[in-house]
Every structure is written in structure tokens, then in C-alpha cells.
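These notes are about the structure you will find just below.
Every number here is computed from the coordinates shown, using simple stated rules; none is lab data. Because the structure is predicted, anything quoted here is derived from the model rather than measured. Cβ placement follows ideal geometry from the backbone for every residue including glycine, while neighbour counts extend to all protein chains displayed.
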Amino acid sequence: MTELAAADTVPFETAPGTAGPDIRGQRLAAADYARNFSDMHPPLGRHEALVESDRCYFCYDAPCQTACPTGIDIPLFIRKIGTGNVDGAASTIFEANILGGMCARVCPTETLCEDACVRHTAEDRPVRIGLLQRYATDHFMQGHTSFGTRKAPTGKRVAVVGAGPAGLSCAHALASEGHDVTIFDARGKPGGLNEHGIAAYKAVGDFAQEEVDFILGIGGITLEGGKALGRDLAIETLTAEFDAVFLGVGLQGVNALGLSGEAAAGVVDAVAWIEAMRQAEDKGNVPVGRRVVVIGGGMTAVDAAVQARKLGAEEVTMVYRRGEAAMNASAFEREVARNAGVVIRTFARPAELHVAAGAVTGISFEKTVTDAEGRLTGTGERFTLAADQVMKAIGQSFEPGPLGTIGLEDGRIAVDAAFRTTNAKVWAGGDCVPAGEDLTVVAVEHGKRAARSINAALKA
Amino acid sequence: MADLSTNFLGIRSPNPFWLASAPPTDKQYNVERAFRAGWGGVVWKTLGEDGPPVVNVNGPRYGAIHGADRRLLGLNNIELITDRPLEVNLREIAEVKKNWPDRAMIVSIMVPCEEQAWKAILPLVEATGADGIELNFGCPHGMSERGMGSAVGQVPEYIEMVARWCKQTTRMPVIVKLTPNITDIRYPARAAKKGGADAVSLINTISSIISVDLDSFSPTPSIDGRGSHGGYCGPAVKPIALNMVAEIARDAETRGLPISGIGGITTWRDAAEYIALGCGTVQVCTAAMTYGFKIVQEMIDGLSAYMDEKGFRTIEDFRGRAVPNVTDWQYLNLNYIAKARIDQDACIKCGRCHIACEDTSHQAITSMVDGKRHFEVIDAECVGCNLCVSVCPVENCITMEEMVAGTDPRTGRPVSPDYANWTTHPNNPMARVAAE
Ligand SMILES: Cc1cc2nc3c(=O)[nH]c(=O)nc-3n(C[C@H](O)[C@H](O)[C@H](O)COP(=O)(O)OP(=O)(O)OC[C@H]3O[C@@H](n4cnc5c(N)ncnc54)[C@H](O)[C@@H]3O)c2cc1C
Ligand SMILES: Cc1cc2nc3c(=O)[nH]c(=O)nc-3n(C[C@H](O)[C@H](O)[C@H](O)COP(=O)(O)O)c2cc1C
Ligand code: SF4
Ligand code: SF4
Ligand code: SF4
């Protein structure tokens, strides 16, 4: 492409007339921020929910339910919405997935339940299960401060490390069995990536915290923020003080590009950037580059790119080293990105960061091809994108530091089918174990299954 | 182009679609709008005797049951006959007939069961130029408590008597409208014929309580906390009405008696089914009350296209064609064997056929084959009951296929090409007695 070849010859280090990289907030009017960060899928009204619930066929051995990692009885809850028993519908959801409210907002339903829906097969228009789930759970949470009741106290105490989806799900299930649970989290604010990672327009308002309160509302769960395993806590003391331990610590490391200049100003880790943005009181104050390049092809890359655009970045390009089909971001998410004005480029890998006066000014990519076995090789052909900000979203990794002697598998915590680690008193689940996709709903299921196993062990 | 025009008892109309006696035909304004939309005729909203008119409730009169997407399937009403003064109705009837001479104008009447009452009103109606009268012996609420409507329609002797009075008093053709709130519809139909009625029309509404309000514990529609039974109509009543029409059409005593079919007619198909069972015209109320008068345009066009496709030039070409095929259960061919067949390309794998058959019938549909979700009929178990066809959400995905030869894997018996029914079946005690 001539355009790219031309770009390569441009001395972008100091574009004429610009003084250094352009990274700042207040690119937009206040109203634009409000609009850009409003609900991506506005909730269904009562009429819409009834019309949509009518579309469900109440399938036998429903494919949607099989496709749901938490196995929510979808036909049953939808039928309950249709008959006006909306709280009953929510109960069906919460029994299988206590974070049903968040999952209704963030699940990639297009690759899970809605992909499996028979009406998707029949007419390319699945029942909108996610929105119906949100309708039911919102309704319930407006009228109730918690879900479920606790069985008689067992006197057993369980430590849960990590207040993300895995830890919260595990804690709720254990509390309802009558055990006392203490959740420790390194951060001050609970919720894990629900609070710090999920795109702002998926869980608007303070939903993550409302949901945490709702979950803790069952009682018997104590939350201790600012307590990190490896810093303030050790596995040995936890296993000594508690009857069982659950680890739901997620992924803390981020993969590096391995290029020189990675420490330059303007080169940021997408997860950290999103976290800062999520915590910003006023989105207008979040600095964002005028031209942003996001490297990666997953959900994090899409979220970073889309939110950069929503903050007013003029040009946002997402660059992925393979083709679109290989991206972790679903077709739907790619469409969300394109609709937000993000340019997606594929088959190119980062080759060189351009830095001037300690700040990034651009990044060069090498074009790639895959061979018959799917192996990636560079073609040697390069192009360069000018950038005020480069966001790295090429994957997170598990940091095994504080684990002691607990065994690993594929760089994460090894667990058996019941989510027990190699230490008989320790269970683990969520992103920090190698099972399943790194999704909120998968973490919830892990926590739930681990709780079942812990409960059985404590009662044995 | 098919000719849809009808001649029913000498009353001509450009098509068989009449509006039934009900709110859509209560006044000139509505009826002229209906004629403009294309309706072939109307049965004017039932007139009562001269004097202060009846009064209706001033609260809700209707209740409904809905299918998916709030599609109205059944309507219930507690409305009475016209609540407008007799002379206003008569004046408007005359006016409309003058303005629309090619449309059928039937006037529905309900007066007390006394000869004088009928003799008084008939000349007034005749003077309007109306084409015929319909005797409302059907209304199941309000009027029946005053000894009219279905209170008369439930006593065949009264029907016969009133029909006779009317035939003696007027030149106009007399249609008797029958109530379905009776055990055997053939008795009132026979009585109408005996009394000299020219035709019957059916059905009127079915006595019903449409629902109970679970907060106030009042039946609905609720008038100040209390409810009363009403009359049920709309798509849900069509099967009941079709059976009653067929009973009259094939009864030895009433065979050939002209019938105007009513009950749940919503599309041209519904109308065609009534005609196939012998009806010379059809009447519509709920469908018009649900969608407005324009629906007749679909009915006209659909019926016309169907007739063209089948090569029927006039309504008479297919009227009554289904009547000879209505028979008693005991004459059905027990040697006819059918098995369900699932079109795997059309199947969306919802599993409803499986669970219906598995839980409630004959365990004849798989859910898993070689570890894969797969729905297939097991011929050795399938009794051919048609339940799966009824519950499958995809039209024509499951069909019933006749076994024409071979052995039925369920019974192990060869398929017989002969006709054999219950009357001669070895398990029939009566047949055994006859054989002995
Ligand atoms: C940017 C981004 C967007 C995403 N979007 C989606 C989405 O739209 N839909 C979806 O389904 N999934 C999404 N995911 C993935 C999803 O967020 C995770 O799969 C999920 O949160 C995993 O839950 P978890 O409980 O295992 O871990 P986390 O949510 O990461 O929670 C781990 C918790 O443990 C705490 N912790 C960590 N280390 C320690 C320690 N040493 N001591 C004490 N506490 C510790 C952390 O502070 C945190 O609170 C996204 C992820 C990212 C990064
Ligand atoms: C609100 C309402 C009022 C009716 N009033 C009369 C009436 O006055 N006289 C009558 O003969 N039938 C009356 N009917 C019965 C209809 O004429 C018709 O027989 C019945 O509704 C069945 O037809 P459908 O299913 O098309 O509605 C009434 C029906 C309704 C819904
Ligand atoms: S697959 Fe679709 S239609 Fe079937 S139960 Fe699930 S949501 Fe309903
Ligand atoms: S249909 Fe018309 S008259 Fe009847 S309640 Fe509604 S607005 Fe009132
Ligand atoms: S009911 Fe119909 S669509 Fe559903 S599985 Fe059976 S054959 Fe397939």
C-alpha cells in the first residue's frame, strides 16, 4: 500500500507544528461524555420484556442453558417473566449465578446462550436472553437487598482471597451453607475487574458496588480490603487460621511487547489505563491521546479502543497480529468497535516504538502471514502509525509469587475438577486457574463449584 | 377471477362476508364504514321492542385471553342488545339500505316470547326495506335472565313457535341464530326447521367467565368489584362452532338447511372452512372488533385467490365439499397407519417434540443420537398421534406420513390396504354380539 510506504518515510518524531505528544482530557463537551458512557444496551421496559419472553419456546434440555457456563435455567426464568413472576425469574437466575445482574450486562451472549438459542438457528434472531436476565435481576435488586437465606451456622470459617466474581460467588454460596467467610482483597474496593476492568458503558452507574452489597447482604461475610496475599497474608497462616481457603486472585501481570522504548511516556498497559478511567469521578478528566494505537485482539483491546474514542481520541487504530477470526473479541464486539469509529487492522505485529524526548510518537508494525499450520511469520514489510498513546492489550498473566508450594499448570494455579489445588485445604477459581475462558461468568461458576466442594469437605 | 357473490335465501351480496349482529353493526356510521371497506352484508345489532331501550353497564364490558405477543384469541362480553331507541335504528337501517342497495341488510331481533311482541315489531322492520331477519335466540347474558335470547334458544319448542309466528307475519326470510350453550345443537336446528325458518346461523357466544382478578377476587370484566358470566367469541371458539355447523349439515333432519356460519372467523381460510362445511355466508364480529373493517380486504382477496387456484368459479363450487367427510369415530379406518417424520433441515432442535412424546405420550422421539442432540422418530414406538406436529414451532417440520405397505414396526402387523372400522373390530363387544 502506497499510503503506508509513504508514512514510513515521514519523519514523525517531530511532526511539524506540534510540541510533543497530545495527551489530555476535556476533549469533548460534558454532554458528550454523558452520552458516550450511557448504557450500551438500555434495559428492556415491561412491555418489551413481555414481548421478548413470548418468543421463548421453552425448549427441552435447552441449548441456551447448556451454553451458559453457570447453567442458568433460561427457559424457566423467561417463562416466569412471561407470567408476571419477575422476582421468581430472578430467583431462578440467582440460584445458578449470584452475579446474574453483572453477567446480564457483560456476558458475550453472542458467543454463549444467544448463540445457542434455537431461534438464532431458526431466524438469526435469538431470544434476547441477556436483556431478559437484566430485566429480572434489576427488578429483584430494586426490591430486595439480598438473595437467599443462611442455613444454621456451622462454626466453620473460610478465607476467600480476591473479591472479584470468583471470590464473591464462592463466598455467597458458602455463607448460605452456614459457614462464616472472610474475603481479603489487595485493593480497597471490592468487585475485581467488575469494578476495575469492565467497560464503563456495560455496567453504568455504581452497579458493581451495588451488586457487591447485594451479595454480602446475605450475612456471614466479612470484607477486608487492602489485604494482599504475599504482602499482608500468607497461605500458611490462612490455612492455619481457617478451615478452608479459596483463591480468586485473577491475573495481575501484563504481557510486555518486548520492544525498546516500552517505558516511554504514552506507552500504557490497557488494563491499568481502563482501571484508572473506571475510577475517575469525571470522565472528562481522563487524559487520552489524540491518536491512539491499541495492540491486541481481545476484549481488553476492544474496550480500551472504544473507550478511548468515547473520551474523544480522534484516531484510534486497533492492530492485531492475526486475522479477525482468530481474535478473542467476538464479531459483535468488533462491530461495537467499528461503530465507535475504531479502525481495525490485522496481520501486523509491533516492530519498533518511536520515541522522542522520552515520549512515544509512533509505532511501526511488520506485516505477517500465517502458514498452513497457523504459524505466524513476518513478511518484512513495514508500516508506521503516528501515535500520541500506545496501549498494550496483548494479554494478562498470572503472578505466582505469593502461592508458596501450591502447584501450577500452564502458568496458573493447578486445580482438579472440584477446583481444589494441590494443597488439600486450598481451592482456587476464576482467571487464576487454567480452566475455561477468562470471563466473568466462568469465574462465577468456578467459585460456585469450589464452594460446593469446600462445603462437602467441611461437612465430611 | 372467482365470483364471490352469494345468493342466500334470495338475499344477494357481493361476497359471503357479513358482519355479525354486534357493536360493529349498531349504527349507520359503523355500517357505512364497513360497506365502504368492502363487507358484503351486515346483520344489524339486535333490536328490542319499542319503549325505553335496555341499558348497558357503564364500566368494562370486555375481557380477553391472549396468545403470544398479546394476540387476541378469545373475547368475552357482557353487552346487551342495542341500547339505542328503536325508531333511531329503524330510520338508519332504511337509510343505509337505500344508500347501499347491493349489500345484504339483515335485522336481528329479540323481543319477549309473546306472539304480540313479534307481530308488533316485524312490520316496522319490513318497512325499512331490510332483506331479512335474524332471530337472536343466542345471547347468553342479561337478556336470557329476562326470558329472551338463549333462554329461548335452549328450549326447542320455543324456537319452533317463534319461528312460526315470524314466518306467518312477514314476507322476509327468517334466519334463526342458535346458541351453542346447549348439549346437542341438532335439536334447536331441527326445531327451527320445523317452525319454517329459512336458515340457521351459528354460533352465538358461549357462556364464559374469562378470568378472575387475583387481587380483588372478582371475575372480569369487573364492575365495581363484581362480575357476571359473559359471552365468549373470537378465534378460540371456531372449533366448537365448526363442529356444530357440521352436525347440522350432516343431520338427516336438517341436511340442506341453509347455514350462515359464525364463530372466530379471522382470515379467508377460516371462512373457506365454514363454506366447505356447508355455509352459504359467514359472519364476523371479533376479528372486525380487533383489527377494524379493513380485514375484509384480506378475506376477499385470499378467498378469491384460493378459488382461482383450485378452479372454483363460484362459492357453490366448493360449498359443502367437506360435509361427506365428517363421520362418526366408529367409521374411521383403523387400518390407516401414519408415522411422524421430522424434516432434519427444518428442525431447529428445540426438543419440544421429544419432551411432549417422552413425558406424555409414547416415548417415540429421540433426544440424543450418538452423543449428539438429534430428534428422530422411532417408528417402533410411534402411534401416529400427531402431538409432536401440534407442538413443533416450525410449520411443516414434522409431518404425518401414511404407511402404504410393509409391516408396522410397532405392532409387527402387515399394513392392510383394506378399510376396517370399529364396528367390525374383534375388540368391540357390540361387534362380537352381532357376530354371535
Ligand atoms: C478490560 C477487561 C474487560 C473485560 N470485559 C469483560 C466482559 O465484558 N465480559 C466478561 O465476561 N469478562 C470480561 N473480562 C474478563 C473478566 O473481567 C474476568 O474474567 C473476571 O473478572 C475474572 O474474575 P476473577 O474473580 O477470577 O478475577 P478478578 O476480577 O481479576 O478479581 C481478582 C481480585 O483479586 C484481587 N487480588 C489479586 N491479587 C491479590 C492478592 N495477592 N491478594 C489479595 N487480593 C488479590 C484483586 O484486587 C481483585 O479484586 C474483562 C477483563 C478485562 C481485563
Ligand atoms: C360485544 C358483543 C356484542 C354482541 N351482541 C350481539 C347481539 O346483540 N346480537 C347477536 O345476535 N349476537 C351478538 N353478539 C355475538 C356475535 O354476533 C357473534 O355471534 C359472536 O361474537 C361469534 O362471532 P365472532 O367469533 O366472529 O365474534 C355479540 C358479540 C359481541 C362480542
Ligand atoms: S434456546 Fe432460545 S427459545 Fe430455547 S429455551 Fe433457550 S432462549 Fe428459549
Ligand atoms: S375502546 Fe374506546 S370507548 Fe372503549 S374504553 Fe377504550 S377508549 Fe373508551
Ligand atoms: S419440535 Fe420441531 S423443531 Fe423442535 S426439535 Fe422437534 S422437530 Fe425439531
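Label point 7 Å out from A:Asp371 along Cα-to-Cβ: which residues of segment A:315-347 have amide N under 16 Å? Under cut-off, by backbone N: nothing. Counting, for every residue in B:402-409, the Cβ atoms of other protein chains within 10 Å of its Cβ and taking the mean gives 0. For segment A:218-303, trypsin sites (Lys or Arg not before Pro) meeting the loop criterion (DSSP other than H, G, I, E, B) and having at most 12 other Cβ atoms within 10 Å: A:Arg231. Centre-to-centre, using Cα atoms only, segment B:106-160 and segment B:225-293 are separated by 20 Å.
Dipole of the protein assembly as shown computed with +1 at Lys/Arg Cβ and -1 at Asp/Glu Cβ about the Cα centre; of B:Thr399, B:Phe8, B:Leu86, farthest Cα towards the positive end is B:Leu86. The label-point distance for B:Glu95 and A:Asp87, in a model that sets each label 7 Å from Cα toward Cβ, rounds to 5.7 nm.
Can you give the FRET efficiency to the nearest 0.05 for A:Val254 and A:Ala29, using r as the Cβ-Cβ distance and R₀ = 35 Å? For A:Val254 and A:Ala29, the calculated efficiency is 0.60. Rounded to two decimals, the Cα radius of gyration of segment B:329-435 over 2.2 N^0.38 Å is 1.25.
Multiply the residue gap between A:Glu381 and A:Glu110 by 0.36 nm, knock off their C-alpha separation, and tell me the result in nm, one decimal place. Write down the numbers at each step before the final one.
Details: separation 271, 0.36 × 271 = 97.56 nm, distance 3.56 nm.
94.0 nm is the gain from fully extending A:Glu381 to A:Glu110.
Taking a span of 24 Å or more along the helix axis (Cα atoms) and a mean Kyte-Doolittle hydropathy of at least -0.5 as the rule, the DSSP H helices of chain A that qualify are A:440-459. For chain A, averaging the sequence separation of C-alpha pairs within contact (under 8 Å, six or more residues apart) and dividing by the residue count gives a relative contact order of 19 percent.
Computed from label points 7 Å out along Cα-Cβ, the spacing between B:His229 and A:Gln279 is 7.2 nm.
What is the total of Lys pairs in segment B:261-396 with C-alpha atoms under 30 Å apart, excluding same-chain pairs fewer than 8 positions apart? Provide the component values of the computation, followed by the final result.
Details: B:Lys294/B:Lys310; B:Lys310/B:Lys339; B:Lys339/B:Lys349; B:Lys339/B:Lys372; B:Lys349/B:Lys372.
Taking segment B:261-396 as the scope, the lysine pair count is 5.
For segment A:46-143, the Kirkwood hydrodynamic radius comes to 12.8 Å, computed from all pairs of different C-alpha atoms. Counts of other chain beta carbons within 10 angstrom of each beta carbon in peptide A:52-60 average 5.
A simple count of charges around A:Arg322, restricted to other residues whose Cβ falls under 14 Å of its Cβ and scoring Lys, Arg +1 and Asp, Glu -1, yields +2.
Given a cut-off of 20 Å, name the pairs among A:Lys202/A:Lys310; B:Lys27/B:Lys119; A:Lys80/A:Lys151 whose C-alpha atoms lie farther apart than that in the structure shown.
Numbers: A:Lys202/A:Lys310 13 Å; B:Lys27/B:Lys119 24 Å; A:Lys80/A:Lys151 26 Å.
Exceeds cut-off: B:Lys27/B:Lys119; A:Lys80/A:Lys151.
Place a +1 charge on the Cβ of each Lys and Arg in segment B:329-435 and a -1 charge on the Cβ of each Asp and Glu, then give the dipole magnitude about the Cα centre in debye, rounded to the nearest 20. Display every interim value, and only then the final one.
On the way: 9 positive and 13 negative charges, 48 e Å.
Charge dipole of segment B:329-435: 220 debye, to the nearest 20.
The value of relative contact order for chain B, using C-alpha pairs under 8 Å at least six residues apart, is 13 percent. When the label point is put 7 Å from the Cα of B:Trp422 along its Cα-to-beta-carbon vector, which residues of segment B:301-329 have a backbone N closer than 20 Å? Output list for this probe position: B:324-329.
I'd like the FRET efficiency for A:Ser397 and A:Val51, computed as 1/(1 + (r/R0)^6) with the beta carbon distance as r and R0 of 60 Å, rounded to 0.05. Mind dumping the intermediate values first?
Working: r = 45 Å, r/R0 = 0.75.
The value I calculate is 0.85.
Once the Cβ-Cβ distance of B:Asn396 and B:Gln297 is raised to the sixth power relative to R0 = 25 Å, the FRET efficiency obtained is 0.40.
For the protein assembly as shown, give the magnitude of the charge dipole about the Cα centre (Cβ charges: +1 Lys/Arg, -1 Asp/Glu; no others), in debye to the nearest 20. Walk me through the numbers on the way to the answer.
Values: 86 positive and 108 negative charges, 243 e Å.
That gives a dipole near 1160 debye.
Helix B:28-37 and the longest principal axis of the C-alpha atoms of chain B enclose an angle of approximately 40°.
Computed per residue of the protein assembly as shown from DSSP H runs no shorter than four, each worth -39500 (n - 2.57), the mean residue ellipticity at 222 nm is -9500 deg cm²/dmol. Can you grab the distance from the C-alpha centre of segment B:366-409 to the C-alpha centre of segment B:328-364, Å, no decimals? Using only Cα atoms to place each centre, the spacing works out to 5 Å.
Using only side-chain charges placed at the Cβ, +1 for Lys and Arg and -1 for Asp and Glu, the dipole size of segment A:254-334 relative to its Cα centre rounds to 220 debye.
Relative contact order of segment B:329-435, taken over Cα pairs closer than 8 Å and 6 or more residues apart, is 35 percent. Would you please classify the overall shape of segment B:6-325 from the alpha carbon gyration tensor, given that a ≥ b ≥ c denote the square roots of the eigenvalues, rounded means a/c under 1.5, and beyond that prolate means a/b larger than b/c while oblate covers the rest? Rounded, because the longest to shortest axis ratio a/c is under 1.5. Of all the stretches in chain A, which is the longest one without any exposed loop site, taking GluC sites (Glu not before Pro) in a DSSP loop (any state but H, G, I, E, B) with at most 11 other Cβ atoms within 10 Å? The longest such stretch corresponds to A:1-280. Compared with the dominant Cα axis of chain B, that is its longest principal axis, helix B:238-250 is turned about 80°. Ranking B:Asn76, B:Met110, B:Ala380 by Cα position along the charge dipole of chain B, where only Lys, Arg, Asp and Glu carry charges on their C-beta atoms, puts B:Met110 farthest toward the positive end.
Over the C-alpha trace of the protein assembly as shown, radius of gyration and Dmax come out as 37.7, 116 angstrom. Against the longest principal axis of chain B, how steep is helix B:86-99, in degrees 0 to 90 to the nearest 10, with axes from Cα atoms? Tilt relative to chain B: about 70 degrees.
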